[in-house]
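The values are calculated or read from the model by the stated rules, or taken from the named source; none is laboratory data. In this text the structure is predicted, and so the values were computed from the model without any measurement. Glycine also receives a Cβ, built like all others from the backbone with ideal geometry; neighbour counts cover every protein chain displayed. To get the accessible areas, we keep the full protein, side chains included, count just its heavy atoms, and leave off ligands, DNA and RNA. Shrake-Rupley method; radii C 1.70, N 1.55, O 1.52, S 1.80 Å.
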Amino acid sequence: PNLFSIATDGLQTVYGATYSPEQYFLKWRDDELVIKYGGDPKNKESSEGHLEVTLDSLLRPPNRLDIIDNFIVHEQTPEGINKKVARYQQVRATNKIVDRVKEDEYQKGLVWHTQGSGKTLTMFFTAWKLRYDPDLDSPKIFVLIDRIDLDDQVYDDFVNHGGKHVVRVTSVKQLGEVIASPEQGMF
């Protein structure tokens, strides 16, 4: 099955979930490869969407398989099912977080997102990848939210994106019980 598509004019390249509207086809970015191909990572026009960068990064077999395994979701909505594929910054942030956890560097790192950049999906992709990484032995994942409306959104999105064993913790007492229990999942 076709999980994501690529469109190019031979110079610029975009990718997106199959059947997505045009505005959801995005440019891939990889600063190291931009430099390799003579671009300037500080210049958005020369660093995003170039054919060579997309082919060399997005379609490199380990990256492509990682995206297929961990970065495509099928969101259940009242209108039907929407397929979503991660943006390059979501893939990069998730993989950096997972690498830091595997290296026991829990006290390092900050992921900064702007409004509308896909924070909830980044959290979902990260929780998913941590939860199902064979090297991590199915850890408990806790997502802490500081606003009630955002808590509703994150919980609904995790469930609608196919999250397994998603539990909403609503009290301090329940949090203590979840921490002490052997149950695995996303909390």
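Some notes on this structure:
- Checked against the criteria, LYS96 does not count as at pLDDT 85 or above and part of a strand (DSSP E or B).
- Restricting attention to segment 1-28 and to residues that are more than 24 Å from ASN82 (Cα to Cα) and in contact with a strand residue (DSSP E or B) (Cβ under 8 Å, 6 or more places away or on another chain), the residue that is surrounded by the most Cβ atoms within 10 Å (Cβ to Cβ) turns out to be GLN12.
- Test: residue in segment 170-178 that is modelled with pLDDT of 80 or more, buried (at least 18 other Cβ atoms within 10 Å of the Cβ) and either farther than 30 Å from THR13 by Cα or of a type in the set (Val, Ile, Thr) (or both): no
- Note on segment 29-53: among residues that are touching a Gly at 6+ places or on another chain (Cβ under 8 Å), at pLDDT 70 or above and closer than 16 Å to ARG92 by Cβ, the one that is surrounded by the fewest Cβ atoms within 10 Å (Cβ to Cβ) is ARG29.
- Residues that are at pLDDT 90 or above and of a type in the set (A, V, I, L, M, F, W, C) were ranked within segment 73-91; the one that is farthest from LEU3 (Cα to Cα) is VAL91.
- Scanning segment 83-106 for residues that are open to solvent by less than 80 Å² (accessible area, probe 1.4 Å), touching a residue at least 24 places away in the same chain (Cβ under 8 Å) and not aliphatic (A, V, I, L, M) yields a total of 8.
- So VAL111, is it open to solvent by less than 70 Å² (accessible area, probe 1.4 Å) and either in a loop (DSSP other than H, G, I, E, B) or modelled with pLDDT of 85 or more (or both): yes
- Of all residues in segment 120-140 being open to solvent by 90 Å² or more (accessible area, probe 1.4 Å) and part of a helix (DSSP H, G or I), the one that is nearest to PHE158 (Cα to Cα): TYR132
- Every condition in (1) modelled with pLDDT of 85 or more; (2) β-branched (Val, Ile, Thr); (3) open to solvent by 60 Å² or more (accessible area, probe 1.4 Å); (4) in a helix (DSSP H, G or I) holds for ILE67 except the one numbered (3).
- Output for segment 141-163, where each listed residue is more than 14 Å from the chain's Cα centre (by Cα), within 19 Å of THR77 (Cβ to Cβ) and either among the β-branched types (Val, Ile, Thr) or in a loop (DSSP other than H, G, I, E, B) (or both): VAL159
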